[in-house]
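A.B. asks: Got a structure for you, questions after.
The values are calculated or read from the model by the stated rules, or taken from the named source; none is laboratory data. Treat the numbers as computed from the prediction; the structure is a model and nothing was measured. Positions of Cβ are generated from backbone atoms using ideal geometry, with glycine treated the same way; all protein chains shown enter the neighbour counts.
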Amino acid sequence: MADAYSSTDAETAPPDRRRQRRLPVELQVRVHFVGRTMPVTAGLADISTDGCYLRGLTAPQAAKLALGFRMGRDRVCLAAGQVVRVDQGGFAVRFDRRNAAFENFIAQITDYASFEAA
């Protein structure tokens, strides 16, 4: 059986422009698009301090949005940003704002990933 990812794909793939390593996560988040009244749910697939990848829905390129999720009973993680890439599985977001709880969440999973790698 042929490999679905050929060397031709690798040669034509756009370069990875991420400044930070993305960490895999599986978390449901609420997404609020600017100009829409109802939030939607998406799967947070990976995250970094600069952005994330959301699965399970699509969005127009450059759409502005906010996303959030609860950690425990009293901690709400919030971030806002813009869609920078769209593909069949979902879309990538570059953050321009994050609250302290969100920053703390990223720091915790980064520390955990570093511990696991050691």
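A.B. asks: State whether the residues of region 55-64 include one that is touching a Leu at 6+ places or on another chain (Cβ under 9 Å), in a strand (DSSP E or B), surrounded by 17 or more Cβ atoms within 10 Å (Cβ to Cβ) and free of Cβ contacts under 8 Å to residues at least 60 places away in the same chain.
C.D. replies: First, pick out the residues of region 55-64 that are touching a Leu at 6+ places or on another chain (Cβ under 9 Å): 55, 59.
Then drop every residue that is not in a strand (DSSP E or B), which leaves 55.
When the remaining residues are screened for being surrounded by 17 or more Cβ atoms within 10 Å (Cβ to Cβ), the result is none.
There is no residue in region 55-64 that is touching a Leu at 6+ places or on another chain (Cβ under 9 Å), in a strand (DSSP E or B), surrounded by 17 or more Cβ atoms within 10 Å (Cβ to Cβ) and free of Cβ contacts under 8 Å to residues at least 60 places away in the same chain.
A.B. asks: With respect to the numbered conditions (1) modelled with pLDDT of 95 or more; (2) out of contact with any Ser or Thr (no Cβ under 9 Å at 6 or more places or on another chain); (3) small (Gly, Ala, Ser), which one is the sole condition not fulfilled by ALA113?
C.D. replies: Of the numbered conditions (1) modelled with pLDDT of 95 or more; (2) out of contact with any Ser or Thr (no Cβ under 9 Å at 6 or more places or on another chain); (3) small (Gly, Ala, Ser), the odd one out for ALA113 is (1).
A.B. asks: Consider only pairs whose beta carbons are under 7 Å apart and that are at least six residues apart or on different chains; among these, list those whose first residue lies in region 97-118 and is under 17 Å from CYS52 (Cα atoms) and among the basic types (Lys, Arg) and whose second residue is at pLDDT 85 or above and surrounded by 15 or more Cβ atoms within 10 Å (Cβ to Cβ).
C.D. replies: Short answer, once both residue conditions are applied: ARG97/ALA79; ARG97/ALA80; ARG98/ALA79.
A.B. asks: If the Cβ limit is 8 Å and pairs must be 6+ apart or interchain, which residue in region 24-35 that is of a type in the set (A, V, I, L, M) pairs with which residue that is modelled with pLDDT of 95 or more and not in a strand (DSSP E or B)?
C.D. replies: VAL31/PRO39; VAL34/ALA63
A.B. asks: Could you tell me which residue of region 65-109 is nearest to VAL25 (Cα to Cα), considering only residues that are acidic (Asp, Glu) and part of a strand (DSSP E or B)?
C.D. replies: Taking the candidates together, the pick is ASP87.
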